[in-house]
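The values are calculated or read from the model by the stated rules, or taken from the named source; none is laboratory data. Because the structure is a prediction, the values reported are computed rather than measured. In this analysis, Cβ positions are derived from the backbone assuming ideal geometry, glycine residues included, and neighbour counts consider all displayed protein chains.
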């Protein structure tokens with residue numbers, strides 16, 4: 001999708017943070033932009049702050065019927081959606097006393113909520129838009145927001161990382177599936193970006209009491225200061241635009257994490273030793289089934 005001006009983009013989680021940054025960058029580049037968000041108040045504020053915004057719709061990304069309604073409303077107002085940015089997400093939070101929500105202490109409802117929003121929500125968005133793009137035969141692009149937590153997994157954020165690893169795997173597999181139809185897929189893996197994720201996550205978790213009990217509802221001063229120092233979300237949006245134009249497979253705005261990723265991949269490579277059954281090798285059919293040609297084709 002070399003020429004982006006005039007295309008229609010739908011950005012979920014678009015009323016704040018990275019989603020709002022994408023919307024600003026997309027509008028500045030001449031795209032027709034719609035944002036979707038679950039928060040009514042945030043949508044109103046974003047509409048007022050985004051001159052040139054084409055459409056704002058309320059959307060719970062975990063509900064397939066709402067996806068259908070949102071896409072139909074956007075396409076009725078702005079024409080066919082050429083670019084979908086699955087950006088809505090939630091953090092797993094910490095306990096009020098500052099402890100991480102470790103697996104040993106994590107409420108089941110919290111695990112299910114994080115996976116449902118971050119992973120299933122992304123799947124539902126892709127499943128809603130991909131058939132439309134295929135049927136039109138004019139290509140398109142889908143950007144799924146994962147995280148650096150989808151490329152490595154420190155302790156204390158297991159549910160979040162599991163959900164974001166799922167988004168990375170979903171994106172890589174989708175890219176192979178949709179490439180023959182001329183539809184690109186990119187996965188965005190940012191580090192720290194200025195956003196409203198803490199407050200929005202608190203509000204979302206509060207709707208599921210079993211997932212909310214004991215978790216912090218107020219951010220610390222140190223968290224506030226750190227948030228203020230994080231990357232400008234508009235710069236992330238601008239990088240996303242450049243990535244769509246060249247059909248990049250991965251979008252990584254924070255190069256400082258390269259060493260962390262190299263450590264993880266070195267550990268993986270080191271684990272490849274002798275076969276558990278000497279002389280055994282998977283059949284060619286199985287072996288080739290697990291190869292994704294898009295890894296080799298991705299722009300470098």
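For this structure, a couple of remarks:
- First in region 264-283 and surrounded by 10 or more Cβ atoms within 10 Å (Cβ to Cβ), second anywhere and part of a loop (DSSP other than H, G, I, E, B), Cβ under 6 Å, 6 or more apart: 264/152
- Filter result for residue 33 (within 23 Å of residue 227 (Cα to Cα), surrounded by 18 or more Cβ atoms within 10 Å (Cβ to Cβ) and modelled with pLDDT of 95 or more): no
- Residue list for region 225-250, filter: under 20 Å from residue 168 (Cα atoms) and either free of Cβ contacts under 8 Å to residues at least 40 places away in the same chain or outside any helix (DSSP H, G or I) (or both): 239, 242, 247, 248, 249, 250
- Enumeration of residues in region 281-300 that are touching a helix residue (DSSP H, G or I) at 6+ places or on another chain (Cβ under 8 Å) and not in a helix (DSSP H, G or I): 281, 292, 293, 299
- Residue satisfying all of: in region 228-250; touching a strand residue (DSSP E or B) at 6+ places or on another chain (Cβ under 7 Å) and within 18 Å of residue 13 (Cα to Cα); surrounded by the most Cβ atoms within 10 Å (Cβ to Cβ) among these: 240
- A Cβ distance below 7 Å, combined with a sequence gap of six or more or placement on separate chains, defines the contacts here; from region 155-175, residues that are at positive phi and modelled with pLDDT under 95 reach no residue that is in a loop (DSSP other than H, G, I, E, B) and surrounded by 18 or more Cβ atoms within 10 Å (Cβ to Cβ).
- Residue in region 55-76 that is in contact (Cβ under 8 Å) with a residue 24 or more places away in the chain, more than 25 Å from residue 203 (Cβ to Cβ) and buried (at least 22 other Cβ atoms within 10 Å of the Cβ) present: no
- Filtered residue count, region 135-155, keeping only those that are part of a helix (DSSP H, G or I) and crowded, with 16+ Cβ neighbours inside 10 Å: 3
- Given (1) surrounded by fewer than 23 Cβ atoms within 10 Å (Cβ to Cβ); (2) under 23 Å from residue 168 (Cα atoms), number of the condition residue 3 does not satisfy: (2)
- Flag if residue 267 is modelled with pLDDT of 95 or more and either over 19 Å from the mean Cα position of the chain (by Cα) or assigned to a strand (DSSP E or B) (or both): yes
- Flag for residue 96 being surrounded by fewer than 22 Cβ atoms within 10 Å (Cβ to Cβ), at pLDDT below 95, over 17 Å from residue 161 (Cβ atoms) and touching a strand residue (DSSP E or B) at 6+ places or on another chain (Cβ under 7 Å): yes
- For region 112-131, the condition of being touching a strand residue (DSSP E or B) at 6+ places or on another chain (Cβ under 9 Å), over 30 Å from residue 210 (Cβ atoms) and assigned to a loop (DSSP other than H, G, I, E, B) holds for none of the residues.
- Matching option when the condition is assigned to a loop (DSSP other than H, G, I, E, B), out of contact with any strand residue (DSSP E or B) (no Cβ under 6 Å at 6 or more places or on another chain) and under 30 Å from residue 5 (Cα atoms), among 278, 253: 253
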